Amino acid sequence: MINKNIVALGFVSFFTDMASSMVTSILPLFIVYVLNEGVDKLGYVVAIATFVSYIFRIFFGFLSDRYQIVKPFVVTGYIISAVTKPLLYFSHTYKSIALLRALERMGKAIRAASKDSLISAYSGAKSGKSFGFHKMLDVAGEMSGAVIAFLALYYLGKNENIFRDIFVFTLIPGIIAVIIVAFFVNDAPYKRKKTEFDFSKDRKLLGILVIYSLFLFFMFNDSFFIIKAKEAGIDMAFIPLFIVLYNFTQTVSSYYFGIQIDKIGSKSILSIGFVFGILSMLMLLYNEIVLAFIFLYLFTVSSLNAIRSYISKFAVNKSTVYGIFYGGVAISGALGAGVIGNIWQFFGEMKALYFSLTGLCVVFLYFIIKEIYVKTDN
């Protein structure tokens, strides 16, 4: 039986990610094809949003552990995200979009580590199942938002005003999410620590976090998947359906991967996730767009659930380690998006794909060799 607080948090994520997907499923198209900015500019927007979203999780994760602040950070983060998305209606340059995305992602940064810690607090011994359930509703919300975006573009048109109206209507699911988290989720049942903060026992976890971050550096952000779909000849109105497809893939697989993590271990599932990531890039290389999106989200759901569960099982200062994990994602994701966006813009998409695939294969081989020759926790 899943704790009622985890169920409530799942629905908070459902509505928040519905709003987020209404934005992210069309924002790359809005930047590149409506505002006529280049793919390099899209890369900058992705880099800034990714960096802000993840790097500040270190700071707020530390504060959460040090001062036992959990629910207040979660509520504050969701409020910021809810009110900033609609402001994209007023954006006319990639710079203003980057600023608003940074503000919205700051909300994510404030709540992320504390939310994971809150889920962990109510999970008991089966953290894989809890994170799998939460991710299932997470991606179900993303799928719903992409459906809304598709219906708007298909039936109302693909002009600039429709894009902007979609941004405005994200306020509705955002407010619903804030109401649920504020009134239907209890704070973590933690007591103030009697001992001083000590990170020495958590240093052994850093190796796997570095490997995951390096893999993300070379992995295409889903915004580049969207642009690749458009370049492959897919009509703009139908591109949100690819978001529906890969979110559906996550929805039906997340809970299963959570169960498998508890059975065979986090690192085993992580290695499978890395294979999915490489396969997704290979499918892009051969213009198999449908398979590319499917493998992308199989990678996302399996690897992310594996890492989060691994931290939940082995970390002492959970919020801090979650924060460090997200900080590594911030640096690697931001740098990767900037580098890949510029390679694509100035050398072509094929060069960007070859760069990505080469790096992913090298990191994966290192991970496998390390696990074979070094005895580590599972």
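What the table below lists for this structure:
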item: Asp40-His92 FRET efficiency (beta carbon distance; Förster radius 25 Å; 0.05 resolution); result: 0.85
item: Partner aspartates and glutamates for Lys115 [C-alpha distance under 20 Å; skip if fewer than 8 residues away on the same chain]; result: Asp17, Asp65, Glu104, Asp138, Glu142, Asp187, Asp202
item: Summed side-chain charge close to Ala19 - residues other than Ala19 whose Cβ falls under 11 Å, Lys, Arg +1, Asp, Glu -1; result: -2
item: Segment 41-114 versus segment 232-305: alpha-carbon centroid distance in Å; result: 24
item: Where the Cα pairs of segment 1-151 fall when distances are cut into 10 Å bins, in %; result: 11, 36, 35, 15, 3, 0
item: Packing rank of 140-146, 104-110, 343-349, where each peptide gets the mean count of other beta carbons within 10 Å, highest leading; result: 140-146, 104-110, 343-349
item: Relative contact order (%) - criterion: Cα under 8 Å, at least six apart; region: segment 57-197; result: 39
item: Spatially proximal aspartates and glutamates relative to Lys267 (Cα-Cα < 14 Å; intrachain offsets below 8 disregarded); result: Glu371, Asp377
item: Inter-probe distance in nm under a simple model that places probes 7 Å from Cα toward Cβ, at Tyr256 and Leu171; result: 4.1
item: Average accessible area per residue (Å²) across the chain - probe 1.4 Å, nucleic acids and ligands excluded; result: 41
item: In nm, spacing of pseudo-spin labels at Leu291 and Glu160 (7 Å Cα→C-beta vector); result: 4.0
item: Extension gain (nm, one decimal) between Ile331 and Ala182, 0.36 nm per residue minus Cα-Cα; result: 50.5 nm
item: Modelled FRET efficiency - R0 22 Å, Ile2 with Lys204, Cβ distances, 0.05 increments; result: 0.15
item: Coarse-grained scattering of the chain at q = 0.07, 0.09 Å⁻¹, given as base-10 log I(q)/I(0) from a Debye sum over alpha-carbon atoms; result: -0.28, -0.47
item: Rounded percent of accessible protein surface that carbon and sulfur make up, segment 192-289, 1.4 Å probe; result: 60
item: Helix-only CD estimate at 222 nm, as mean residue ellipticity for the chain, using -39500 (n - 2.57) per DSSP H run (n ≥ 4); result: -27000 deg cm²/dmol
item: Around Val275: net Lys/Arg minus Asp/Glu count, Cβ-Cβ under 14 Å; result: 0
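The values are calculated or read from the model by the stated rules, or taken from the named source; none is laboratory data. For clarity, every value in this text was computed on a predicted model and none was experimentally measured. No Cβ is skipped: glycine too gets one built from the backbone with ideal geometry, and neighbour counts run over all protein chains shown. Quick note on the areas: whole protein, heavy atoms, side chains included, nothing else; ligands and nucleic acids left out. Shrake-Rupley method; radii C 1.70, N 1.55, O 1.52, S 1.80 Å.
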